[in-house]
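Student: The structure that follows is given in the form of structure tokens.
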Amino acid sequence: MIGAKEAEFYRENGYLLVKGVIPKADIEVMREGVERIIQRAAKAKKDANHAWQGDYLPADELKKLVLKGFHDVHYHDASFMRAMTHPNMAAVLTQLIGPNVQVHHSKMLVKPPENGAAFPMHQDHPYFPHANHTMLAASLHLDDADEANGCLHVIPGSHKQGPIPHVGRHYLNHVEYPISMGTPCPAEAGDVLFFNYLTIHGSGPNRSERTRRNVLFQYKDPSDFPTENTHIDWGAGLMIAGENPHFDKAFPKFTVHAEQ
Ligand SMILES: O=C(O)CCC(=O)C(=O)O
């Protein structure tokens, strides 16, 4: 799917947009999957607004913004599992991470029309720090995205700065790092934006009449261990490519919460 030139671009810039990673027919099935998750969550009264809070927008504007976000989507619907493990996805990941690639977690990020939430600029590193910084996000677009419906922005080369202190872990100072500072990454449905967890990124609100649905998969090298025992999701540990040389060293412990 990509060659040495693209892999080098990723190493230099900390991100890479790859066109047409997932076929359009699979995208259509995932859009339906997103809708069904939203409906199931509403029925279970677990459809809280996931819009980030803080001081990066005036309070009256912030309270109108909505983000429908759910973790571990590949446990909710098989269509996401297929995309997460798709041979095209694995082909890119092995170029960017190495022969061994492991899932860390998955989630969906749905910005509804007109009032879809923004993401202030941040690194993902503070949420799940790892020793070797191989962790990257693959943000799969289920809709065409541009600046009007809140496409992702990245700061090229910012991963080279290493971890930067964040406001209460969540985001960078929005005056020092406005979203407009990032390079917009418009994309079409089926495209994937890959970015390292140290790459500063964010996205503006969706003010358009179109929904912006993305599914984000985080991957890493299984030899890259967490430096904090935090953000352990269901999906952690599934192998996408190669082998796990450390199967006896790290495994999550799950608890089932049965309905009362
Ligand atoms: O999908 C987006 O617009 C941004 C998502 C993001 O930055 C994140 O989940 O860390």
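The values are calculated or read from the model by the stated rules, or taken from the named source; none is laboratory data. All of these numbers come straight from a predicted model, not from anything done at the bench. For neighbour counting, all protein chains shown are included, and Cβ atoms are generated from backbone atoms with ideal geometry for every residue, glycine included. These area figures cover heavy atoms from the full protein model, side chains too; ligands, DNA and RNA do not enter into them. Shrake-Rupley method; radii C 1.70, N 1.55, O 1.52, S 1.80 Å.
Student: So in region 203-223, with the set limited to residues that are touching a Pro at 6+ places or on another chain (Cβ under 7 Å) and closer than 22 Å to residue 191 by Cβ, which one is surrounded by the most Cβ atoms within 10 Å (Cβ to Cβ)?
Tutor: Here the residue is 206.
Student: Just to be sure, is residue 125 open to solvent by 10 Å² or more (accessible area, probe 1.4 Å) and on the phi > 0 side of the Ramachandran plot?
Tutor: Details: open to solvent by 10 Å² or more (accessible area, probe 1.4 Å): yes; on the phi > 0 side of the Ramachandran plot: no.
No.
Student: All but one of (1) at pLDDT 90 or above; (2) of a type in the set (Val, Ile, Thr); (3) within 16 Å of the ligand (Cβ to nearest atom); (4) open to solvent by 10 Å² or more (accessible area, probe 1.4 Å) hold for residue 2, so report the exception by its number.
Tutor: For residue 2, the exception is condition (3).
Student: Additional query: One residue is enough: does region 66-81 have a residue meeting the conditions among the aliphatic types (A, V, I, L, M) and either touching a His at 6+ places or on another chain (Cβ under 7 Å) or assigned to a loop (DSSP other than H, G, I, E, B) (or both)?
Tutor: Our first condition is that a residue be among the aliphatic types (A, V, I, L, M); within region 66-81, this holds for 66-67, 73, 78, 81.
Applying the additional criterion that residues be either touching a His at 6+ places or on another chain (Cβ under 7 Å) or assigned to a loop (DSSP other than H, G, I, E, B) (or both) yields 67, 81.
Yes, the conditions are met somewhere in region 66-81.
Student: What residue, of 132, 100, is crowded, with 18+ Cβ neighbours inside 10 Å and either within 23 Å of residue 7 (Cα to Cα) or within 12 Å of the ligand (Cβ to nearest atom) (or both)?
Tutor: Of the residues listed, the single one that is crowded, with 18+ Cβ neighbours inside 10 Å and either within 23 Å of residue 7 (Cα to Cα) or within 12 Å of the ligand (Cβ to nearest atom) (or both) is 100.
Student: Could you check residue 56 against (1) in a loop (DSSP other than H, G, I, E, B); (2) open to solvent by 60 Å² or more (accessible area, probe 1.4 Å) and say which number it fails?
Tutor: Only one criterion in (1) in a loop (DSSP other than H, G, I, E, B); (2) open to solvent by 60 Å² or more (accessible area, probe 1.4 Å) is unmet by residue 56, namely (2).
Student: Checking residue 150 against (1) at positive phi; (2) under 15 Å from the mean Cα position of the chain (by Cα); (3) more than 12 Å from the ligand (Cβ to nearest atom), which test does it fail?
Tutor: All conditions pass for residue 150, except number (3).
Student: Just to be sure, is residue 27 in contact with a His (Cβ under 9 Å, 6 or more places away or on another chain), in a helix (DSSP H, G or I), touching a residue at least 24 places away in the same chain (Cβ under 8 Å) and β-branched (Val, Ile, Thr)?
Tutor: Values: in contact with a His (Cβ under 9 Å, 6 or more places away or on another chain): yes; in a helix (DSSP H, G or I): yes; touching a residue at least 24 places away in the same chain (Cβ under 8 Å): yes; β-branched (Val, Ile, Thr): yes.
When the stated conditions are applied, residue 27 passes them.
Student: Does residue 250 fit the bill of being in a loop (DSSP other than H, G, I, E, B), small (Gly, Ala, Ser) and exposed (fewer than 13 other Cβ atoms within 10 Å of the Cβ)? Working first, answer last.
Tutor: On the way: in a loop (DSSP other than H, G, I, E, B): yes; small (Gly, Ala, Ser): yes; exposed (fewer than 13 other Cβ atoms within 10 Å of the Cβ): no.
It is false that residue 250 is in a loop (DSSP other than H, G, I, E, B), small (Gly, Ala, Ser) and exposed (fewer than 13 other Cβ atoms within 10 Å of the Cβ).
Student: Among the candidates 61, 12, which residue alone is in a helix (DSSP H, G or I), loosely packed, with under 14 Cβ neighbours inside 10 Å and modelled with pLDDT of 85 or more? Full working, then the answer.
Tutor: On the way: 61 fails: modelled with pLDDT of 85 or more.
One residue alone meets the criteria, 12.
Student: Going through 118, 145 one at a time, which residue ends up being within 16 Å of the ligand (Cβ to nearest atom), farther than 24 Å from residue 230 by Cα, open to solvent by less than 30 Å² (accessible area, probe 1.4 Å) and touching a Leu at 6+ places or on another chain (Cβ under 7 Å)? Outline the logic, then answer.
Tutor: Details: 145 fails: touching a Leu at 6+ places or on another chain (Cβ under 7 Å).
After ruling out the rest, the residue left standing is 118.
Student: Among the residues of region 224-244, are any among the hydroxyl-bearing types (Ser, Thr, Tyr), within 23 Å of residue 124 (Cβ to Cβ) and either open to solvent by 30 Å² or more (accessible area, probe 1.4 Å) or within 15 Å of the chain's Cα centre (by Cα) (or both)? Break it down stepwise before answering.
Tutor: Here is the first cut: in region 224-244, the ones among the hydroxyl-bearing types (Ser, Thr, Tyr) are 227, 230.
Then keep just the ones that are within 23 Å of residue 124 (Cβ to Cβ); that gives 227, 230.
Restricting the remaining residues to those that are either open to solvent by 30 Å² or more (accessible area, probe 1.4 Å) or within 15 Å of the chain's Cα centre (by Cα) (or both) gives 227, 230.
Within region 224-244, one or more residues are among the hydroxyl-bearing types (Ser, Thr, Tyr), within 23 Å of residue 124 (Cβ to Cβ) and either open to solvent by 30 Å² or more (accessible area, probe 1.4 Å) or within 15 Å of the chain's Cα centre (by Cα) (or both).
Student: Given the residues 190, 202, which is the only one that is under 22 Å from residue 96 (Cβ atoms), part of a strand (DSSP E or B) and modelled with pLDDT of 95 or more? Write out each step before concluding.
Tutor: Details: 190 fails: part of a strand (DSSP E or B).
After applying the criteria, what remains is 202.
Student: Looking at region 167-177, can you tell me whether even one residue there is open to solvent by less than 60 Å² (accessible area, probe 1.4 Å), in a loop (DSSP other than H, G, I, E, B), within 26 Å of residue 84 (Cβ to Cβ) and within 14 Å of the ligand (Cβ to nearest atom)?
Tutor: The answer is no; no qualifying residue exists.
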